[in-house]
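The values are calculated or read from the model by the stated rules, or taken from the named source; none is laboratory data. Treat the numbers as computed from the prediction; the structure is a model and nothing was measured. Methodologically, a virtual Cβ is constructed for each residue, glycine included, from the backbone with ideal geometry; neighbour enumeration extends over all protein chains shown.
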2 protein chains.
Amino acid sequence: MEISIKHILKEGSTIRVNGSLWLQSGDEHFFGPGPVELLERIAATGSIRMAAKEMNMSYKKAWALVNTLNEQTRSPVVIAQIGGKKGGGSTITNEAMEMIKYHKLLRQRFVDFLEKETQELKI
Amino acid sequence: MEISIKHILKEGSTIRVNGSLWLQSGDEHFFGPGPVELLERIAATGSIRMAAKEMNMSYKKAWALVNTLNEQTRSPVVIAQIGGKKGGGSTITNEAMEMIKYHKLLRQRFVDFLEKETQELKI
């Protein structure tokens with residue numbers, strides 16, 4: 001059964017259904033738009049520090065996100081090389097790339113859901 | 001196209017897809033689980049003040065939620081009577097009850113979406 005609230009809302013209303021989505025384990029949110037953006041920026045910059053800086057995220061927070069993600073996966077999603085002459089270089093693994101791809105598709109399904117619900121608000 | 005990340009996640013993982021959902025107008029979130037609970041408690045107690053107290057919400061915040069909601073609807077969702085011997089009594093309107101009912105069904109569709117995505121994580 002679907003019910004409409006169109007007749008209740010003001011005419012010409014720009015109301016829409018919106019939301020957020022993430023993966024969680026127990027109470028811990030470990031994957032969503034933030035971690036995805038961090039992984040993408042690590043891949044682009046080769047550096048957790050630079051990726052974090054670009055996002056106005058603390059280096060500590062970035063490491064916490066990476067560690068939490070690595071804890072949920074069979075093999076690490078980020079390989080960090082610490083130190084060395086030019087400082088460490090970090091790379092993301094194929095698993096990370098698959099997680100990003102999965103998230104993109106999941107996100108699209110969610111956007112479709114939101115779009116459908118928003119359309120139905122107007123019927 | 002769907003892709004699976006099951007082979008990436010740790011075995012026996014309790015990972016699930018979760019999220020939140022609301023109605024918004026412009027950037028303003030005006031309807032979701034919080035306002036619904038407030039409306040239900042106003043209906044039960046006949047008082048915005050008591051409803052807010054039960055939710056550990058400030059009276060000011062409760063009024064802000066009610067006003068924001070009233071601004072989005074053709075007619076008010078809460079009728080507040082201020083003052084009088086016993087203090088004011090507030091009631092919710094039929095429109096508010098329809099909004100609550102709509103939200104319940106919307107929420108169920110969202111829960112179904114999350115459940116389906118969580119099941120597919122495990123395939």
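Worth a mention:
- Among the residues listed as B:ALA62, B:ALA44, the single one being touching a residue at least 12 places away in the same chain (Cβ under 8 Å) and within 18 Å of the chain's Cα centre (by Cα): B:ALA62
- Residue match in the stretch B:78-98 (condition: under 22 Å from A:VAL17 (Cβ atoms), in a strand (DSSP E or B), within 10 Å of another protein chain (Cβ to nearest Cβ) and not aliphatic (A, V, I, L, M)): no
- For the stretch A:70-112, taking the residues that are at pLDDT below 95 and touching a Phe, Trp or Tyr at 6+ places or on another chain (Cβ under 9 Å), the one that is surrounded by the fewest Cβ atoms within 10 Å (Cβ to Cβ) is identified as A:GLU71.
- Consider the stretch A:17-44 and keep the residues that are more than 14 Å from A:LEU65 (Cα to Cα) and at pLDDT below 95. The one that is nearest to the other protein chains (Cβ to nearest Cβ) is A:GLY26.
- Looking only at the stretch B:1-16, residues that are facing chain A (nearest Cβ under 8 Å), in contact with a helix residue (DSSP H, G or I) (Cβ under 7 Å, 6 or more places away or on another chain) and of a type outside the set (A, V, I, L, M) come to 4 in all.
- Count of the stretch A:24-63 residues which are in contact with a His (Cβ under 8 Å, 6 or more places away or on another chain) and over 17 Å from A:ILE100 (Cβ atoms): 0
- Residue ID - surrounded by the fewest Cβ atoms within 10 Å (Cβ to Cβ), chosen from residues in the stretch A:29-39 that are in a strand (DSSP E or B) and in contact (Cβ under 8 Å) with a residue 40 or more places away in the chain: A:PHE30
- Some residue of the stretch A:106-116 being over 29 Å from B:LEU105 (Cβ atoms) and either assigned to a helix (DSSP H, G or I) or basic (Lys, Arg) (or both): no
- Every condition in (1) in contact with a Leu (Cβ under 6 Å, 6 or more places away or on another chain); (2) in a loop (DSSP other than H, G, I, E, B) holds for B:ASN56 except the one numbered (1).
- Test for A:ILE42: is it assigned to a loop (DSSP other than H, G, I, E, B) and surrounded by 17 or more Cβ atoms within 10 Å (Cβ to Cβ): no
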